[in-house]
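The values are calculated or read from the model by the stated rules, or taken from the named source; none is laboratory data. For clarity, every value in this text was computed on a predicted model and none was experimentally measured. Virtual Cβ from ideal backbone geometry, glycine too; neighbours counted across all protein chains shown. Note: areas computed on protein heavy atoms with side chains; ligands, DNA, RNA excluded. Shrake-Rupley method; radii C 1.70, N 1.55, O 1.52, S 1.80 Å.
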Amino acid sequence: MKHTYTITGMQCETCAGSIRERLSEIPQVSRVDVDLESSRAEISMQEHVPLPILQTALPNKYTIAEMSGQNNGSVQGEATEKSKLRQLGPLFLIFFYLLAACFLLNYSDWDSKEAMLDFMGLFYIVFSFFKLLDLKGFPDSFRMYDPLAKAIPAYGWAYPFLEVVLGLLLLMRFQVAVALVATVVILGITTFGVTKTLLDKKSIRCACLGTALKLPMTEATFIENAIMLVMALIMLAQHYF
């Protein structure tokens, strides 16, 4: 029997080779084919191997999930969605804290523009912090979907520091227009890459919170970037028109 799985966390052919080797060591597995581009693995088995056993055979940085539509398709699909929601929990929690902080900073003399600037500035600072926790691993994950990081590897290394600079500019209200234009350009490129990845149905890790937290690339990543883009465009329109 043959089953197809999605695997998140793969960044290069070395990763694919390691996964192939680890899964092949399971006694019931007769053949493993891993495709880095689609983040999928086809596993031929002499008898069915439960998903937890496959996961145990892999290093912690990889997550394996059975593709919906196989065997118990609807049940497996629901389990996968629940797993994604659990993985995205830290992202939702961070957004809640950012919104709460912006409200507390501005509630006494509410100004939507000031609140948006605070949100964007805090967003950059907090998200750069998580990226800097594993600066060595972040560029490889980032270039899996960001076109500019793929074309210019040094950009992936510089990106967390660029976020710090943009965050400080917005929070200090210094060269705000420059920071907003940079936000539109930078996040516009990233959002293009995220959109393409989602449309291609590739299962890869989202690097928005670095590699310290395992987040799958989902629609939430697109929404996160879109919110920042919309805010930047609104404030640029208010600034120039």
Heavy-atom surface of the chain, accessible at 1.4 Å and reported per residue (Å²): 52 Å²
List V32, V164, ordered by accessible area with a 1.4 Å probe, largest first: V164, V32
The chain: angle of helix 219-240 to the longest principal axis, Cα-based, in degrees nearest 10: 20 degrees
Between 0 and 90°, nearest 10: helix 176-199 axis offset from the chain longest Cα axis: 20 degrees
Value of relative contact order over region 92-241, rounded to a whole percent, pairs C-alpha under 8 Å and six or more apart: 27 percent
Burial order of peptide ranges 119-125, 183-189 (average beta-carbon count within 10 Å, highest first): 119-125, 183-189
Dipole magnitude of the chain, debye to nearest 20 (Cβ charges: Lys/Arg +1, Asp/Glu -1, about Cα centre): 220 debye
Nearest-ten-degree value, helix 13-24 long axis tilted from longest Cα axis of the chain: 40 degrees
Portion, in percent, of the accessible area of the chain that falls on carbon or sulfur, probe 1.4 Å: 63 percent
Listed residue pairs exceeding 26 Å between alpha carbons, taken from K113/K196; K61/K131; K61/K196; K113/K201: K113/K196; K113/K201
Distance histogram for region 100-216 (every C-alpha pair counted, 5 angstrom bins, percent rounded to whole numbers): 2, 12, 19, 21, 19, 13, 8, 4, 1, 0
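So what is the calculated 222 nm ellipticity per residue for the chain, using -39500 (n - 2.57) for each DSSP H run with n of 4 or more, over all residues, to the nearest 500 deg cm²/dmol?
-20000 deg cm²/dmol
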Dimensions (Å) - the chain, Cα atoms, principal axes, largest first: 67, 36, 29
